[in-house]
1. Can you confirm whether Ala439 is buried (at least 21 other Cβ atoms within 10 Å of the Cβ), under 19 Å from Arg458 (Cα atoms) and not β-branched (Val, Ile, Thr)?
2. If I ask for residues that are within 20 Å of Phe338 (Cα to Cα) and either modelled with pLDDT under 95 or not in a loop (DSSP other than H, G, I, E, B) (or both), which ones from segment 387-401 would you list?
3. Answer yes if at least one residue in segment 34-42 is surrounded by 14 or more Cβ atoms within 10 Å (Cβ to Cβ), among the β-branched types (Val, Ile, Thr) and at pLDDT 60 or above, and no otherwise.
4. Within segment 107-126, which residues are within 20 Å of Asp197 (Cβ to Cβ), in contact with a strand residue (DSSP E or B) (Cβ under 6 Å, 6 or more places away or on another chain) and assigned to a loop (DSSP other than H, G, I, E, B)?
5. What tally of residues in segment 402-421 results from selecting those that are modelled with pLDDT under 95 and part of a strand (DSSP E or B)?
6. When you go through Gln285, Gln299, Gln276 one by one, which is the residue that is outside the structural domain of Gly409 (by TED's automatic domain parsing) and over 21 Å from Thr245 (Cβ atoms)?
7. Considering only segment 274-295, how many residues are out of contact with any Pro (no Cβ under 8 Å at 6 or more places or on another chain), part of a loop (DSSP other than H, G, I, E, B) and crowded, with 20+ Cβ neighbours inside 10 Å?
Amino acid sequence: MKNFFVSLLCCLMCLVTAACGGVDEYVAQGVTSDDAEAEFMVTSPEGYNIYFNISSASGCVVVSSPTYKKIIGPLTVPSQVDYKNVRYVVTGIDKYAFGGAEYMSDITLPQRLVSIERSAFTGCGRLAKLRLPATLESLGTMAFDGCSALSEIYVDPDNAIFDSRDDCQAVIDRKLNMLVLGCKNTRIPASVTSIGDCAFGGCVSLQRIVVPEGVKSIGVSAFGGCVGLKEVVLPNTLDSIQLFTFSNCTGLRSVKLPEGLVQIRESAFAGCKSLQSVRLPNTLQVIGGHAFYGCKALQALVLPSSLTKIEPNAFYECTGLRRIIVPEGVSVVGDYAFCFCSSLGEVSLPSTLARLGNGAFSGCSSLTTIDVPEKISSIGEHTFLDCTSLESLHLPSGLVSVGETAFDGCQKLSSIYMKTATPPSTWFDKFASVVTDKAVLYVPRESVAGYKQARTWRQFKRIQALP
């Protein structure tokens, strides 16, 4: 992600060629445009350049620091600058302005700063301390994403919008009681009720976090990329885990989700490759798409009876998962939900299941038998593609169609139990000859002749009545 932001900065560098620095008062050294949208440069005593843009009659905003890579050690952003004999107050820091200044260790912000935009300091990996002024009113999402060394956060007590109450080493929105920025030493106060989007994003040094009772929601990618996070304690008041909340927390080994939680959103734990166990609550209804994508160490998982839906790619490439029992009440297993779960040897599907998505079990090379429930009327394309150990297949009486490559690569298939009297339509012309030559297709006794004449199914050399 850091490279992405750096690329964007490079685009800015094509337009400007200077960088960053600071004392309390600066004089402009160059002008690049008309006064109405004047962009000018100042040079600090340290020799760094900063570009500013006039935003109002008396205010200006830091636009960029083209030589951000050269900033080593502390940096002071001026509180005011002079341009054409007019003094301007520095009120804002624009998006990506200092993004990627990885050797900057400290930043002194302007005394009358009002806003810090999105990703302004993204990837400043050596930034250790942050002090926000009393005038700050707006803090953009991911403003300090990837500032992995950040250990101290202080908000001026006179700030009316934000605070760092109880010496929590975090930034909290006073009105919403929302933690919007944390660091590796953050202690979440009991008064906080939510954690904002990307609040701890890229905080690779964070190892443990206790989310207190009273917190109801954790925002999008709140802990995304916290690769050092090993333990997280979640409150019983939590009812929502958003998209990418713990994605790519590669050090996380186990998690207990609280009772009361009804949904795990998309990609919430995607890429948590060390995650071995997850305890799901009995209130959970929906497991979102890609929720546990690539959780390769996950071996055992008990799905609760409250569950109603497993969305697409939910357990994609969970290569350590060995057994799964989908409980009664689940009506949908989404596309590629268990795709490439190569160790999955046992699957039990409920009678309530009405839709089995495309590729739902494709690449499950350890699966030996599957019983498709009665409510399933269609098997989509790639559903059991490359289930190379599949030997026995039980298909329901209401099945009307089979999708393309639904059983391709199932070369060990020896028994197919077809309960439907009318041969299902197919979107393909033939099974692999290795299957049709040796597998027995069992069908209702009165339908044997019909299957022997039906397109695709007639290729089976052994069509017999169901036992």
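The values are calculated or read from the model by the stated rules, or taken from the named source; none is laboratory data. Note that the coordinates shown come from a computational prediction; the quantities given were computed from them, not determined experimentally. Using ideal geometry, Cβ is built from the backbone for each residue, glycine included, and neighbour counts are taken over all protein chains shown.
1. On the way: buried (at least 21 other Cβ atoms within 10 Å of the Cβ): yes; under 19 Å from Arg458 (Cα atoms): yes; not β-branched (Val, Ile, Thr): yes.
Against the criterion (buried (at least 21 other Cβ atoms within 10 Å of the Cβ), under 19 Å from Arg458 (Cα atoms) and not β-branched (Val, Ile, Thr)), Ala439 qualifies.
2. Just the residues of segment 387-401 that are within 20 Å of Phe338 (Cα to Cα), to begin with: 387-395.
Passing the criteria: Ser392, Leu393, His394, Leu395.
3. Filtering segment 34-42 for residues surrounded by 14 or more Cβ atoms within 10 Å (Cβ to Cβ) gives 38-42.
Now drop any that are not among the β-branched types (Val, Ile, Thr), which leaves 42.
Then drop every residue that is not at pLDDT 60 or above, which leaves 42.
Taking every residue of segment 34-42 in turn, at least one turns out to be surrounded by 14 or more Cβ atoms within 10 Å (Cβ to Cβ), among the β-branched types (Val, Ile, Thr) and at pLDDT 60 or above.
4. First, pick out the residues of segment 107-126 that are within 20 Å of Asp197 (Cβ to Cβ): 115-124.
Narrowing further to those that are in contact with a strand residue (DSSP E or B) (Cβ under 6 Å, 6 or more places away or on another chain): 115-116, 120, 124.
Correct list: Ala120, Cys124.
5. Counting residues in segment 402-421 that are modelled with pLDDT under 95 and part of a strand (DSSP E or B) gives 1.
6. On the way: Gln285 fails: over 21 Å from Thr245 (Cβ atoms); Gln276 fails: over 21 Å from Thr245 (Cβ atoms).
Exactly one residue qualifies, and that residue is Gln299.
7. Going residue by residue through segment 274-295, those that are out of contact with any Pro (no Cβ under 8 Å at 6 or more places or on another chain) are 274-279, 285-288, 291-295.
Restricting the remaining residues to those that are part of a loop (DSSP other than H, G, I, E, B) gives 274-276, 285, 288, 291-295.
Still in the running and crowded, with 20+ Cβ neighbours inside 10 Å: 275, 288, 291-295.
Total meeting the criteria: 7.
A quick yes/no check of all residues on (1) in contact with a His (Cβ under 7 Å, 6 or more places away or on another chain); (2) farther than 20 Å from Cys339 by Cα:
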{"residue": "Gly359", "(1), (2)": "yes, no"}
{"residue": "Ser366", "(1), (2)": "no, no"}
{"residue": "Ile376", "(1), (2)": "no, no"}
{"residue": "Gly380", "(1), (2)": "no, no"}
{"residue": "Phe407", "(1), (2)": "no, no"}
{"residue": "Cys410", "(1), (2)": "no, no"}
{"residue": "Thr420", "(1), (2)": "no, yes"}
{"residue": "Ser425", "(1), (2)": "no, yes"}
{"residue": "Asp437", "(1), (2)": "no, yes"}
